[in-house]
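What follows is one structure encoded as structure tokens, with my remarks underneath.
The values are calculated or read from the model by the stated rules, or taken from the named source; none is laboratory data. Source: prediction; values computed, not measured. Please note: Cβ atoms are built from the backbone with ideal geometry, for glycine as well, and neighbour counts cover all protein chains shown.
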Amino acid sequence: MESNMRTVNPDTTVHPLRLELDDDQIRDIFVRIDANDDTVTLEELEAAQDWLYDYIAGSTQTVYGTTVVQ
């Protein structure tokens with residue numbers, strides 16, 4: 001039987017730009033995307049996508065994740 005466990009490096013699970021931006025700045029990126037603002041960079045888009053994924057996963061998650069630090 002195959003295990004569902006997966007090892008991840010916590011330092012690489014968040015887009016680096018998210019470490020520099022707060023939630024209001026991320027929301028501003030979504031407003032700019034919605035307005036078809038051509039100045040949105042690929043880095044901003046990826047950071048916003050990463051934030052959105054975590055938001056949806058956190059809102060719909062039914063079981064708490066487990067973190068094991070060794």
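Tabulated data
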{"read-out": "Every residue from region 23-44 that is surrounded by 13 or more Cβ atoms within 10 Å (Cβ to Cβ) and of a type in the set (A, V, I, L, M)", "value": "I26, I29, I33, V40"}
{"read-out": "Residue in region 38-63 that is nearest to the chain's Cα centre (by Cα), counting only those that are hydrophobic (A, V, I, L, M, F, W, C) and over 15 Å from I26 (Cα atoms)", "value": "A57"}
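Condition check ((1) at pLDDT below 95; (2) outside any helix (DSSP H, G or I); (3) among the acidic types (D, E)) across all residues:
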{"position": "M1", "(1), (2), (3)": "yes, yes, no"}
{"position": "R18", "(1), (2), (3)": "yes, no, no"}
{"position": "D24", "(1), (2), (3)": "no, no, yes"}
{"position": "D37", "(1), (2), (3)": "no, yes, yes"}
{"position": "G58", "(1), (2), (3)": "yes, no, no"}
{"position": "V63", "(1), (2), (3)": "yes, yes, no"}
{"position": "T67", "(1), (2), (3)": "yes, yes, no"}
{"position": "Q70", "(1), (2), (3)": "yes, yes, no"}
